[in-house]
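First up is the structure itself, then whatever we jot down about it.
The values are calculated or read from the model by the stated rules, or taken from the named source; none is laboratory data. Remember, predicted model here, so these are calculated numbers, not experimental data. Note: ideal-geometry Cβ built from the backbone for every residue, glycine included; neighbour counts use all protein chains shown. The protein model used for the area step is the full one, side chains on, heavy atoms only, and it has no ligands, DNA or RNA in it. Shrake-Rupley method; radii C 1.70, N 1.55, O 1.52, S 1.80 Å.
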Amino acid sequence: MTEHPGRKRDREATRARLLECARLRFARDGYDGTSVRDVAGDVGVDAALVFRYFGSKSGLFGEAMATSQEAVVLPDGPVEELPAKLLHQLVFEDWAEYAGEHPLIAMLRSASHEDMRDRVRQQVCEGYLGVLSELAEGNDDKDLRTELFGAWLLGIGILRTAVGTPSLTKATEADLTPHLAAVAKALFGREVPVG
């Protein structure tokens, strides 16, 4: 029996829509706060269809959030430009497909899920921190200073987008740039261009 081309397209479109809605739900509500029934309801299908396509909630989660790992890539350019670019990405860029937050911040909501925690750790340690450590002068506590800088940037993103603190929510990149320069100099032991 041959498959009707229209049905295949409909199936692919439904599957893609389920992944899109799941990504948004997991980003906004985390793994534990998202149900298969909610995702199915967002698309207007029965929850059984989600299980047919993805096997389980975990399968849906893995596939939906796999794209978040692809989205969380280091910006191109010299390593000296990375702090300013990360500030823009983590704090000011609008990531609509992840509820308006950087995928890394969205992924943190599901960090209680072991697979996501491992992905976040790998992305942060091998990606961002590995490259940022090249900026740090000297070898004494270089890794600690790099992690402190990463925590500072990530904390700004969380306070601005997830918590919505008033001053950070109103702040512009220009408002934060001098502070970024001061923190980078204090932690890396050298001037880092941020403007």
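Annotations for the structure displayed:
- Odd one out for Val120 among (1) open to solvent by less than 30 Å² (accessible area, probe 1.4 Å); (2) more than 26 Å from Val79 (Cβ to Cβ): (2)
- Considering segment 25-38, and only residues there that are assigned to a helix (DSSP H, G or I) and within 20 Å of the chain's Cα centre (by Cα), the residue that is farthest from Tyr98 (Cα to Cα) turns out to be Asp29.
- The residue that is most open to solvent (accessible area, probe 1.4 Å), among those in segment 123-140 that are in contact (Cβ under 8 Å) with a residue 40 or more places away in the chain, in a helix (DSSP H, G or I) and more than 22 Å from Arg28 (Cα to Cα), is Glu134.
- Cβ-Cβ under 7 Å pairs, at least 6 apart or on other chains, segment 1-24 side open to solvent by less than 100 Å² (accessible area, probe 1.4 Å), far side part of a loop (DSSP other than H, G, I, E, B) and modelled with pLDDT under 85: Leu24/Ala99
- Within segment 141-159, the set of residues being open to solvent by less than 50 Å² (accessible area, probe 1.4 Å) and of a type in the set (D, E, K, R) comprises Arg145 only.
- Test result for Leu168, open to solvent by 30 Å² or more (accessible area, probe 1.4 Å), in contact with a helix residue (DSSP H, G or I) (Cβ under 7 Å, 6 or more places away or on another chain) and under 27 Å from Ala96 (Cα atoms): yes
- Residues in segment 94-117 that are surrounded by 13 or more Cβ atoms within 10 Å (Cβ to Cβ), of a type outside the set (Gly, Ala, Ser) and under 20 Å from Gly155 (Cα atoms): Trp95, Tyr98, Glu101, His102, Pro103, Leu104, Ile105, Met107, Leu108, Arg109, Met116, Arg117.
- Qualifying residues in segment 54-91 (those that are surrounded by 13 or more Cβ atoms within 10 Å (Cβ to Cβ) and part of a loop (DSSP other than H, G, I, E, B)) - the one modelled with the lowest pLDDT: Val72
- Against the numbered list (1) part of a loop (DSSP other than H, G, I, E, B); (2) under 23 Å from Arg28 (Cα atoms); (3) in contact (Cβ under 8 Å) with a residue 60 or more places away in the chain, Val194 comes up short only at (2).
- Here is the figure for segment 40-51: residues that are assigned to a helix (DSSP H, G or I) and closer than 15 Å to Ala16 by Cβ total 5.
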